[in-house]
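The values are calculated or read from the model by the stated rules, or taken from the named source; none is laboratory data. Model, not experiment: these values are computed from the prediction. Here the Cβ is made from the backbone with ideal geometry for all residues, glycine too, and neighbour counts use every protein chain on show. The accessibility values were calculated without ligands, DNA or RNA, using every heavy atom of the protein model including side chains. Shrake-Rupley method; radii C 1.70, N 1.55, O 1.52, S 1.80 Å.
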Amino acid sequence: MEKKSILSGIQPSGEGIFTLGNYIGAIRNWGVMQEEYDCAYFIADLHSLTVRQDPQTLKKQSLSAFALLLACGIDPDRSLLFVQSHVRTHAELAWILNCYSQMGELSRMTQFKDKSAQHADNINAGLFTYPALMAADILLYQADLVPVGADQKQHLEFTRDVAVRFNNLYGETFKVPDAYIPKAGAKVMSLQEPTKKMSKSDENKNATVLLLDEPAVIMNKFKRAVTDSEKEVVFREGKDGINNLMTIYGVLTGKTNEEIEAEFAGKGYGDFKAAVGECVAEALRPVREEYARLIADKAYLETKIKEGAQKAEAVSWKTLRKARKRVGLLELPR
Ligand code: TYM
């Protein structure tokens, strides 16, 4: 039986590149899924342009992001791994899909609303049509499943709607993908304001754990994590800070909430926070070490980046060609 196919992407922007939220909600599962699925993963650098970037920093972070995905266990000889902007088919299909996306549905996207509020001085058209580019990323590879955190669910629904709309108009062209959202850890919260998502762009540095943070920094961030005025480590509505720490600890140790509650019965929040910090620092240690090794090997990274781009171009062109024909674009005579 043919393996099911997986596709997912991540933006290279933001200080320190990836967060513990990115890791727990998405990347951690990407490596594991290589066993069972045909996987494609990419650095979504075109998406990052929707927010003003420093050009030198973006370039540097894209390379670092590529190395970091390898360090997180993505095997470029088994999975397709590439940088989005190296594969021209993405921007081209995005244009076509833009013409099948409605202003109304795009204006309902919560990410658009949030980012417009955050960047009121730069509400650009790219920010608005972002979901059409994301739909192109996914549909080009005929993905069955898209492993993402909960914040991307609405974009996935949009992708499905566009795919169905296009297929209804022109006949089967795109596979209609399903979101694959983890049961635990789909929304890791800020350590400082635990009702808010942990995010790369948080101004409070203590709110976000970065994959490349040193162990001492990680320990310190967890030590300062905001909790509540009670004493018990129990998972309960209203205890957002503790719930978040329990989720992180549970995902990384495989322990259930009951087991965690028993482990810390009679102990204070201080002990619990230290245990979570230690467990995160340990989980990220191999990633940090492997990253340091890889980022020093520029020649290897460049080879893999080139190979990825070529393979992705070949795979995605098949779908783009079909879509071009469907809508009536004249083929280039050979
Ligand atoms: P991005 O770069 O914001 O995030 C990458 C992945 O990490 C997940 N994530 C989280 N999960 C749990 N808790 C958090 N606090 C947290 N923060 C982020 C995101 O859900 C995501 O899975 N638009 C996408 C990138 C993209 C993409 C695609 C993804 C572009 N094209 C095609 C899938 C398929 C984004 O900005 O993700």
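For Gly270, the shell of other residues with beta-carbons less than 12 Å away shows a net charge of +4, using +1 for Lys and Arg and -1 for Asp and Glu. Derived scalar couplings between HN and Hα for segment 114-120 equal 5, 5, 5, 5, 5, 10, 4 Hz in order, rounded to whole Hz, by the Karplus curve 6.51 cos²θ - 1.76 cosθ + 1.60 (θ = phi - 60°), x for Gly and Pro. Angle check, please: helix 240-253 long axis (alpha carbons) against the longest principal axis of the chain (alpha carbons), in degrees 0 to 90, nearest 10. The angle comes out at about 80 degrees. Taking a Cβ cut-off of under 15 Å around Tyr300, the surrounding Lys, Arg, Asp and Glu residues balance to a net charge of -2, with basic ones at +1 and acidic ones at -1. Roughly speaking, what % of Cα-Cα pairs in the chain are separated by over 25 Å, rounded to a whole number? More than 25 Å apart: 54 percent of the Cα pairs in the chain. Taking each DSSP H run with n ≥ 4 as -39500 (n - 2.57) and averaging over every residue of the chain yields -16500 deg cm²/dmol at 222 nm.
Rounded to the nearest 10 degrees, the inclination of helix 125-139 to the longest alpha-carbon principal axis of the chain is 80 degrees. Return, ordered by residue number, the residues of segment 184-225 whose backbone nitrogen is under 15 Å from a label point located 7 Å along Cα→Cβ of Ala274. Only 216, 219-225 pass the distance filter.
Taking θ as phi - 60° and the Karplus parameters 6.51, -1.76 and 1.60, the scalar couplings of segment 17-23 work out to 6, 10, 9, 4, x, 4, 5 Hz in sequence order, x denoting glycine and proline. In this structure the amide hydrogen of Met189, modeled in the peptide plane, comes within under 5 Å of the amide hydrogens of Met198, none closer than 5 places in sequence on its chain. Charging the Cβ of each Asp and Glu at -1 and of each Lys and Arg at +1, and nothing else, the dipole of segment 205-292 about its Cα centre rounds to 320 debye. Other residues with beta-carbon under 13 Å from the beta-carbon of Asn124 carry, at +1 per Lys or Arg and -1 per Asp or Glu, a net charge of +1. Applying the Karplus relation 6.51 cos²θ - 1.76 cosθ + 1.60 with θ = phi - 60° to segment 275-280 yields 3J(HN,Hα) values of 5, 5, x, 4, 5, 5 Hz, where x marks Gly and Pro.
Using DSSP to call loops (not H, G, I, E or B), can you name the GluC sites (Glu not before Pro) in segment 137-213 whose Cβ has at most 15 other Cβ atoms within 10 angstrom? Before the final figure, lay out each step's value.
Values: sites: Glu157, Glu172, Glu203; in loops: Glu172, Glu203.
Listed in order of number, the matching sites are Glu172, Glu203.
Of the two radii for segment 133-180, the radius of gyration is 0.95 times the Kirkwood radius, both from the alpha carbons; that is the Rg over Rh value.
One quarter of the convex hull surface built on the alpha carbon atoms of segment 60-110 amounts to 5.6 nm², the projected area averaged over directions. Excluding ligands, DNA and RNA, the accessible surface per residue across the chain is 49 Å² with a 1.4 Å probe.
Using the Cα atoms of segment 205-292 to build a convex hull, what is its mean projected area in square nanometres? Walk me through the intermediate numbers first.
Working: hull surface 22.5 nm².
Taking the Cα atoms of segment 205-292, their convex hull projects to 5.6 nm² on average.
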